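J.: The following block contains the structure, expressed as structure tokens.
The values are calculated or read from the model by the stated rules, or taken from the named source; none is laboratory data. Model, not experiment: these values are computed from the prediction. Backbone-built Cβ (ideal geometry, glycine too); neighbour counts: all protein chains shown.
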Amino acid sequence: MSEVRTEEMVLNMGPQHPSTHGVFRVELVTDGEIVTETRPHIGYLHRCFEKHAEHLQYTGIIPFTDRLDYLSGMNQNFGFVLAVEKLLGSEIPERAEYIRVIMAELNRIASHLMMIGHMGTDAGAITPVLYGFRDREYILDLFEEVSGARLLYNYYRVGGVIADLTPGFVEKTRKYLDYLERVLNEFDQLLSENKIFRGRTVGVGVLPPKVAVDYAVTGPNLRACGVNWDLRRDEPYSIYPRFKFDVVVGREGPGVVGDSWNRYWVRVQEIRESAKIVRQALDGLPEGDFIKAPKSIRPPKGSEVYHRTETPRGELGYYVISDGTPTPVRVKVRSPGFVHISAIPAFCTNMMVADLVMAMGTLDFVMGEVDR
Amino acid sequence: MEPKEIHERLSAKFGGKILQSVLEAVDPYVVIETSAIADVCGYLKEDPELACDTLMCLSGVDTKEKLQIVYHIYSMSRRHRVVLKVETTREGEPSVPTVSHVWGTANFHEREAYDMFGFRFEGHPDLRRILCPDDWEGYPLRKDYKYPDFYRDIDNRQVDTRDV
Amino acid sequence: MREWGRSLAQTMHAPEWVGQVTLMVIGAVAVFLIMALAALAFVWLERKVAGRIQSRYGPNRAGKFGILQTLADAVKLLLKEDIIPAAADKSLFILAPYIVFVATFAAFVVIPWSSKLYVSDLDVGLLYIAAMGSFVVVGILMAGWASNNKWSLLGAMRGAAQIVSYEIPVALAILTVVVLAGTLNLRMIQEGQSGWFWKWYVFQSPFTFIAFFLYFVGSIAEANRTPFDLPEAEQELTAGFHTEYSGMRWAFFFLAEYGNLLLVSLVAAVLFLGGWNVGIPGVPIPGALVLVAKAVVLVLLQMWLRWTLPRLRVDQVMAVCWKYLMPLAFGTLIGAGAWKMLFPGTA
């Protein structure tokens, strides 16, 4: 019998593919259903944020930051205004600090809800994502109340926030957090405890901590690898040191440390932790001004700062250089997704196509921030 | 470790390769001779007391006089950051040693710096454009960048370019 | 049927073959209508069920409760541009959806709707249905290969492997019933279950009870539905073997899928749940209605599963089949045979 000739097949996953979550392309070298090599290609959503930023005044850049990661606009705003404030050395009213933390954490919950839902979709269960949308909706309603927008909030300002909380916001948020606890249990039943879902995620796409640190993987993805690291605690900014919360770390349990299951599980638990922070912030919310705008936003000539914050996706760094004019010389965004995608070839090899979908899905990148 | 101490260590180890050490800044930084950057980074990572295990960010900067690359480095075990800068001329595609073998994450960051500023990272395994299309001309984040009038027969002329 | 044809020819004063052909056409049209209407209804039902499960409304614009939604969609699909990829193998590409459709369609012919209402009373009806089920594979492979799309090919390969594998436990589960009934004729099988509902084969012995679940799981896999919808796994393969299909050709796949949904449920009802028998003697409900009601319950069950469960991975699907279902199916078959020998009175 003559030998059957086999060869590897190069597959293009994306730029339009249901599981690349945006316009992202991975070249797969496959041997049957097994992926032997991955080569990510990005840039399909490049919108020249950094070039735009060089033409805009500081306040004008804030709405652009929303568009970086459109699932957590508040956190993107937060990072940028903090960087500018650090350059200016400005003080922020107490109330504004609390409002900022509340918004950032609510947005983290919203973003994680989306991620958990999409995990279900990636695994083939279409229902959880709709539950995610349903529960995120209440947060969007709250955001709409305070900022007027549902997705791109443009809410933070240098020196505070643009508007005070609306009457009844605190009560509504409390009510929502009570509701959230209940629905999280629903998610647990649908996905976390589902045997098929566990079969699809446990031990899939294991990212070793060493590789994760080498590739500067951050945020929940890093914590899922068992690295106890959270910028909110380890490089505190704003008023995070005042709040008590646990840093959730991936563990051996149903899953293996660093696998898709833990990346999923860390996020589920982080929702609970964020809810804790929001509750504490609501309790401690002081009266007072919500903004103390500086007279002019002109950081000193030649000053520069790299400021990083913990967004739902990981470390978001803004590198801002000023030349003393109202427009920055350079704004570089170090987005977590960009870095996470660069790690894909390092650990997504020798797995089934279906596993690759899970491994990439759990990295939870948003192409907006990857391509900027 | 305090920035001052780190800078002193670097000076002691690399001597003349350290061109400038700035401590009075929001983020203190060291300016390194371009050719030595890979060695310095390797040292920062391997030295057990510096132990800079992650590269937070690698950014290209155009200061109009020259081009810079800024390395924001962090040690998760020792909890200190180091900021390194190298400076190159603006002519052509300045050559800079790669650090992608030191930190895996530098791979994409360097590709982006190449894409936006045209640094030629010597020894980089896969130096291609990353955000712009492969056939893009020029380096968009340079201050003297001229917006193209056409790209693949797409007319861009009506766009207001607003000279800086 | 032959008799009917003869009498029909006599009343029309025409040669016998005219009557036969007329009857065949009538039968075919009837089956097609049943299948098409069922597909329309099930697509609507599925969307409603999905809506309720996902805490939303589902279609509610076209007609009352959105009942005309599928019809509107069908019209849209008819009017859509028919795209054949330039690099596709044109003849195979065009043929594939029809094969898939015809295989499902043909299987409907032997379904006896009641003791008198049937199109064909085939003595080897069960064998015929199993054969037609396998025939779908040919169409799926053809579609995947002819599309000249790598994702389609992967989907087709998965589909072929999966359907061929799951044939076996399904066939063994069917055989379990055949052992009890002693016939392959679907009508006779149903007649064997008349009387009280404990006469239904599912309750006849513990082994048939297991066989029912084996058949149900296997048939979900054969119908390519979640959690076994790998050939079209959206998140992995875009749409699997029918990625490149659009408009009416795609609609044929769709029609076949929902036809298949009804088919496997009907067969399950016939084999295990007493078919047209109400289960309580003396209750005058038309047999066809009873059968369809049972099938619809099973269909709803499949929908419920689809909108709740995630999808298995290829190797897991294969493992479920070869490691768990197969040995179980063999055990069931042997057990059912032994049961019949030990307790000949029960069945």
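J.: In the stretch A:11-42, which residue that is part of a strand (DSSP E or B), within 11 Å of chain C (Cβ to nearest Cβ) and of a type outside the set (A, V, I, L, M, F, W, C) is farthest from A:M352 (Cα to Cα)?
T.: A:N12
J.: Yes or no: C:F253 away from every other protein chain (no Cβ under 14 Å), in contact with an Asp or Glu (Cβ under 8 Å, 6 or more places away or on another chain) and touching a residue at least 60 places away in the same chain (Cβ under 8 Å)?
T.: No; evaluated as a whole, the condition is false for this residue.
J.: Does C:R313 meet the test of being in contact with a strand residue (DSSP E or B) (Cβ under 7 Å, 6 or more places away or on another chain) and either crowded, with 21+ Cβ neighbours inside 10 Å or under 30 Å from A:M351 (Cα atoms) (or both)?
T.: Yes, satisfied.
J.: On the given criteria, is A:E193 surrounded by fewer than 23 Cβ atoms within 10 Å (Cβ to Cβ), at pLDDT below 85 and over 22 Å from A:S111 (Cα atoms)?
T.: For A:E193, the condition - surrounded by fewer than 23 Cβ atoms within 10 Å (Cβ to Cβ), at pLDDT below 85 and over 22 Å from A:S111 (Cα atoms) - is not met.
J.: Yes or no: A:R136 in contact with a helix residue (DSSP H, G or I) (Cβ under 6 Å, 6 or more places away or on another chain), among the basic types (K, R) and within 14 Å of another protein chain (Cβ to nearest Cβ)?
T.: Judged against the criteria, A:R136 is a match.
J.: Here are the criteria: (1) away from chain C (no Cβ under 14 Å); (2) touching a Leu at 6+ places or on another chain (Cβ under 8 Å); (3) assigned to a helix (DSSP H, G or I). Tell me which single one A:V101 does not satisfy.
T.: (2)
J.: Follow-up. Quick one: which helices (runs of 4 or more DSSP H) sit completely within the stretch C:46-157 and have at least 1 residues that are under 29 Å from A:H17 (Cα atoms) and in contact with a Ser or Thr (Cβ under 7 Å, 6 or more places away or on another chain)?
T.: C:90-108, C:125-146
J.: Please work out if B:S77 is small (G, A, S), within 14 Å of another protein chain (Cβ to nearest Cβ) and part of a strand (DSSP E or B).
T.: Numbers: small (G, A, S): yes; within 14 Å of another protein chain (Cβ to nearest Cβ): yes; part of a strand (DSSP E or B): no.
Spelling it out, it is not the case that B:S77 is small (G, A, S), within 14 Å of another protein chain (Cβ to nearest Cβ) and part of a strand (DSSP E or B).
J.: To continue, here is another question. Under 7 Å between Cβ atoms, which residue pairs at least 6 apart in sequence (or on different chains) link something in the stretch A:348-372 that is closer than 14 Å to A:V29 by Cβ with a partner that is buried (at least 24 other Cβ atoms within 10 Å of the Cβ) and acidic (D, E)?
T.: Note: pairs meeting the criteria are A:V353/C:E236.
J.: Somewhere in the stretch C:321-342, is a residue within 14 Å of another protein chain (Cβ to nearest Cβ) and either farther than 19 Å from C:L271 by Cα or of a type in the set (D, E) (or both)? Break it down into steps so the answer makes sense when it comes.
T.: Taking the stretch C:321-342 and keeping what is within 14 Å of another protein chain (Cβ to nearest Cβ), we get C:323-324.
Still in the list and also either farther than 19 Å from C:L271 by Cα or of a type in the set (D, E) (or both): C:323-324.
Yes, the stretch C:321-342 has at least one match.
Table: residues versus (1) within 16 Å of the chain's Cα centre (by Cα); (2) of a type in the set (A, V, I, L, M, F, W, C); (3) more than 26 Å from C:W276 (Cβ to Cβ).
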residue: C:A62; (1), (2), (3): no, yes, yes
residue: C:L78; (1), (2), (3): no, yes, yes
residue: C:I83; (1), (2), (3): no, yes, yes
residue: C:K90; (1), (2), (3): no, no, yes
residue: C:F101; (1), (2), (3): yes, yes, yes
residue: C:P112; (1), (2), (3): yes, no, no
residue: C:G139; (1), (2), (3): yes, no, yes
residue: C:W145; (1), (2), (3): no, yes, yes
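J.: If you scan the stretch A:24-48, which residues turn out to be within 27 Å of B:M116 (Cα to Cα) and in contact with a helix residue (DSSP H, G or I) (Cβ under 6 Å, 6 or more places away or on another chain)?
T.: Answer for the stretch A:24-48, where residues must be within 27 Å of B:M116 (Cα to Cα) and in contact with a helix residue (DSSP H, G or I) (Cβ under 6 Å, 6 or more places away or on another chain): A:F24, A:T38, A:P40, A:I42, A:G43, A:L45, A:H46.
J.: Filter the stretch A:222-243 down to the residues that are over 19 Å from B:S77 (Cβ atoms) and of a type in the set (V, I, T) and list them by number.
T.: Once the filter is applied, which keeps residues that are over 19 Å from B:S77 (Cβ atoms) and of a type in the set (V, I, T), the stretch A:222-243 yields only A:I239.
J.: Within the stretch A:349-368, how many residues turn out to be more than 11 Å from A:T201 (Cα to Cα) and more than 8 Å from chain C (Cβ to nearest Cβ)?
T.: Residues that pass the stated criteria total 10.
J.: Further question on the same structure: How many of the residues in the stretch A:89-98 are part of a helix (DSSP H, G or I) and in contact with a strand residue (DSSP E or B) (Cβ under 9 Å, 6 or more places away or on another chain)?
T.: Residues flagged as part of a helix (DSSP H, G or I) and in contact with a strand residue (DSSP E or B) (Cβ under 9 Å, 6 or more places away or on another chain) within the stretch A:89-98 amount to 3.
J.: Which of the residues belonging to the stretch C:256-306 are buried (at least 19 other Cβ atoms within 10 Å of the Cβ) and within 14 Å of chain A (Cβ to nearest Cβ)?
T.: C:M303, C:R306
J.: Across the stretch A:168-216, what is the total count of residues that are more than 14 Å from chain B (Cβ to nearest Cβ) and either aromatic (F, W, Y) or part of a loop (DSSP other than H, G, I, E, B) (or both)?
T.: Qualifying residue count for the region: 13.
Here is a yes/no grid of residues against (1) free of Cβ contacts under 8 Å to residues at least 60 places away in the same chain; (2) in a loop (DSSP other than H, G, I, E, B):
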{"site": "B:Y43", "(1), (2)": "yes, no"}
{"site": "B:C57", "(1), (2)": "yes, no"}
{"site": "B:V61", "(1), (2)": "yes, no"}
{"site": "B:E91", "(1), (2)": "yes, yes"}
{"site": "B:V99", "(1), (2)": "no, yes"}
{"site": "B:G104", "(1), (2)": "yes, yes"}
{"site": "B:D115", "(1), (2)": "yes, no"}
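J.: Which helices (runs of 4 or more DSSP H) does the stretch C:223-322 wholly contain that include 2 or more residues that are of a type in the set (S, T, N, Q)?
T.: Filter on the stretch C:223-322 gives C:247-272.
J.: Give all pairs with beta carbons closer than 6 Å in which a residue from the stretch A:48-68 that is within 14 Å of chain B (Cβ to nearest Cβ) and in contact (Cβ under 8 Å) with a residue 24 or more places away in the chain meets a residue that is of a type in the set (S, T, Y) and surrounded by fewer than 22 Cβ atoms within 10 Å (Cβ to Cβ); count only pairs at least 6 apart in sequence or on separate chains.
T.: Taking only residues 6 or more apart or on different chains, the pairs are A:Q57/A:T327.
J.: Looking at C:L154 and the list (1) under 20 Å from C:R311 (Cβ atoms); (2) under 21 Å from the mean Cα position of the chain (by Cα); (3) in contact (Cβ under 8 Å) with a residue 24 or more places away in the chain, which single condition is not satisfied?
T.: (2)
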